[in-house]
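**Q** Take this structure first; my questions come after.
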Number of protein chains: 4
Amino acid sequence: MTHTVRDKQKLLARVRRIRGQVEAVERALEAEAGCEPVMHLLASTRAAMAGLMAEVVEDHVRTHLVDPEAHPGALNDTAADALVSVVRTYLK
Amino acid sequence: MTHTVRDKQKLLARVRRIRGQVEAVERALEAEAGCEPVMHLLASTRAAMAGLMAEVVEDHVRTHLVDPEAHPGALNDTAADALVSVVRTYLK
Amino acid sequence: MTHTVRDKQKLLARVRRIRGQVEAVERALEAEAGCEPVMHLLASTRAAMAGLMAEVVEDHVRTHLVDPEAHPGALNDTAADALVSVVRTYLK
Amino acid sequence: MTHTVRDKQKLLARVRRIRGQVEAVERALEAEAGCEPVMHLLASTRAAMAGLMAEVVEDHVRTHLVDPEAHPGALNDTAADALVSVVRTYLK
């Protein structure tokens, strides 16, 4: 990925938060915390993972489908926006 | 959509099958058929809709993100395949 | 389903709206309307179907898991609420 | 959760495997491994999380909606099976 350092830090921050959420699920199961808190923790972890996936898919669409140096202007931005918006809807 | 006539017929056949499934849900509700058959009908309708969405997204990725006449060869096919495969996984 | 007449009418209204949405997808495909409107129509149809499924699952949990005449008070309402809330989150 | 020790160990094994998958995503992002491996790692992590959620929901339905000591036989097993099967379909 030819992401800038800033993008990389943003994605890493997201995945580390997700790791923390998975560890909370693990602690809840170890403590026999009950199904309800575990289900709610899993639901938020899943939402956070969907958010990360949406970021990665968006990066992929915007930076890898077309090599902008070899083919400047070839990516149809309107079509790319529509795709990213639909993928985000499905990943919610 | 610059789909061929054959693609169009294939998509239309899919959406008509989905309409038939939705009508079956309607009849089941009218007949007070019980939650279980309704839930199963809804689950298959949803799977059929996910299949149609995957087809449309794939068409969109392969034919609209880059205008192949203006920018021949600009779409990275490997990257497009990876995207379509991930979207299909999420749409299942 | 031992739903009241009112519940039945509400569910039927939902499924008829969904049928209308599927018919709009069909018309858009017939008119070769483009992938973008089709993807957006499919995304809203899917959301409407998820809403209907959530209603049916909720009815099922509240009225069919336990026969309230044979076993009054047996369904743990707090646990049922937690389940319905998690299912709604996943069906969004 | 009044799970047996064996159930608890099974759920803990699942969540630890998921933690390992999230750590693999983190390492891939740190190594700038590319969007494609990251998307595939995220897709398998999501599938594993859906499997864990399905297990927890199933436990919840079978052991918490009705207190089997206070209300023996009150849970309609056929209705519970139908619910669990639909939830599993949606969690795939």
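Taken together, the values in this text are just the output of simple stated rules run on the coordinates, not laboratory data. Please read these numbers as outputs of a predicted model, since none were measured by experiment. As a convention, Cβ positions derive from the backbone with ideal geometry for all residues, glycine included, and neighbour counts pool all protein chains shown.
**Q** Once the mean 1/r over all distinct Cα pairs of the protein assembly as shown is inverted, what Kirkwood radius in angstroms do you read off?
**A** Hydrodynamic radius (Kirkwood, Cα only) of the protein assembly as shown equals 22.3 Å.
**Q** Using modelled amide H (1.01 Å from N, peptide plane; none on Pro or chain starts), what sits under 5 Å from the amide H of D:Val66, excluding residues fewer than 5 places away?
**A** Counting only residues 5 or more places away or on other chains, the set is C:Asn76.
**Q** Would you calculate a helix-derived [θ] at 222 nm for chain A, using -39,500 (n - 2.57) for each DSSP H run of n ≥ 4 and dividing by the full residue count, to the nearest 500?
**A** On the way: 3 runs with 70 residues, N = 92.
Theoretical 222 nm ellipticity from helices: -26500 deg cm²/dmol.
**Q** Pop out the ³J(HN,Hα) list for region D:52-65 in order, Karplus 6.51 cos²θ - 1.76 cosθ + 1.60 with θ = phi - 60°, rounded to Hz; leave Gly and Pro as x.
**A** 5, 4, 4, 4, 5, 4, 4, 4, 4, 4, 7, 10, 10, 5
**Q** Let me ask you something else. Along the axis that rotates chain C into chain A, which residue of chain C has the nearest beta-carbon, and what is the gap in whole Å?
**A** Here the nearest residue and distance are C:Lys92, 3.
**Q** Here is a further query. If we hang a label 7 Å off Cα along the beta carbon direction at A:Glu30, how far is it from the matching labels on the other copies, in nm, shortest first?
**A** Nearest to farthest, the other copies are at 2.1, 5.8, 6.2 nm.
**Q** Still on this structure, I have one more. Considering every residue in B:11-17, what mean count of other chain Cβ atoms within 10 Å of its Cβ is obtained?
**A** Numbers: counts 5, 4, 0, 3, 13, 4, 0.
Taking all residues of B:11-17 together, the mean is 4.
**Q** Counting only the backbone N, which residues of region C:20-58 are under 19 Å from the spot 7 Å out from the Cα of B:Glu23 toward its beta-carbon?
**A** So the set is C:20-30.
**Q** GNM on chain B, C-alpha springs below 10 Å: top fluctuator among B:Arg19, B:Arg27, B:Arg62?
**A** Comparing B:Arg19, B:Arg27, B:Arg62 in the GNM, the peak value goes to B:Arg27.
**Q** Using a label point 7 Å beyond Cα on the Cα-Cβ vector, give me the inter-copy distances for D:Thr89 in nanometres, one decimal, shortest first.
**A** Copy-to-copy label distances for D:Thr89: 2.3, 2.3, 2.4 nm.
**Q** Using the Cα centre of chain C as the reference point, and only Cβ charges (+1 on K/R, -1 on D/E), how large is the resulting charge dipole? Debye, rounded to the nearest 20.
**A** 220 debye
**Q** Just grab the label-to-label distance for D:Arg16 and C:Ala47, each label 7 Å out from Cα along the Cβ direction, in nm (one decimal).
**A** 4.2 nm
**Q** Moving on. Averaged over C:27-40, how many beta carbons belonging to a partner chain fall within 10 Å of each residue's beta carbon? All intermediate terms of the calculation are to be shown ahead of the outcome.
**A** On the way: counts 1, 2, 12, 4, 1, 4, 1, 6, 15, 11, 2, 11, 12, 4.
Per residue, the average neighbour count from other chains is 6.
**Q** With springs connecting C-alpha atoms under 10 Å apart, model chain D as a Gaussian network and identify which of D:Leu65, D:Leu52, D:Leu41 has the largest mean-square fluctuation.
**A** D:Leu65
**Q** Any chance you could give the angle, 0 to 90 degrees and rounded to 10, that helix A:5-30 forms with the longest Cα principal axis of chain A?
**A** The angle comes out near 20 degrees.
**Q** How many Cβ atoms of partner chains, on average, are near each residue of C:67-73 if near means within 10 Å of its Cβ?
**A** Details: counts 4, 1, 0, 4, 8, 2, 3.
Taking the mean over all residues of the peptide, I get 3.
**Q** Eight or more residues apart or on different chains, and alpha-carbon atoms under 27 Å: count the Lys pairs in the protein assembly as shown matching that.
**A** Step by step, the pairs that qualify in the protein assembly as shown add up to 18.
**Q** Taking the Cα centre of the protein assembly as shown as origin, work out the dipole magnitude from +1 charges on Lys and Arg Cβ and -1 charges on Asp and Glu Cβ, in debye rounded to 20.
**A** Numbers: 48 positive and 52 negative charges, 1 e Å.
Value, rounded to 20: 0 debye.
**Q** Output the 0 to 90 degree angle, nearest 10, between the alpha-carbon long axis of helix C:77-91 and the longest principal axis computed from the alpha carbons of chain C.
**A** 10 degrees
**Q** Hey, another quick one. Place +1 on the Cβ of every Lys and Arg and -1 on the Cβ of every Asp and Glu in chain A, take the dipole about the Cα centre, and give the residue among A:Ala74, A:Ala47, A:Ala28 whose Cα lies farthest towards its positive end.
**A** A:Ala28
**Q** As a footprinting exposure proxy, order D:Val25, A:Val66 by other Cβ within 10 Å, with the fewest listed first. Intermediate results must be reported in sequence, preceding the final value.
**A** Working: D:Val25 28, A:Val66 24.
With the sparsest Cβ surroundings first, the list reads A:Val66, D:Val25.
**Q** To one decimal in nm, how far is D:Arg17 from the same spot in the other copies, if labels go 7 Å from Cα toward Cβ? Please give the shortest first.
**A** D:Arg17 label point versus its equivalents elsewhere: 2.8, 3.2, 4.0 nm.
**Q** So for region A:5-91, what percent of the C-alpha to C-alpha distances run longer than 22 Å? Kindly include the intermediate steps, with their values, before the conclusion.
**A** On the way: 1672 of 3741 pairs.
Tail fraction, whole percent: 45.
**Q** Can you grab the distance from the C-alpha centre of region A:3-33 to the C-alpha centre of region D:28-54, Å, no decimals?
**A** 13 Å
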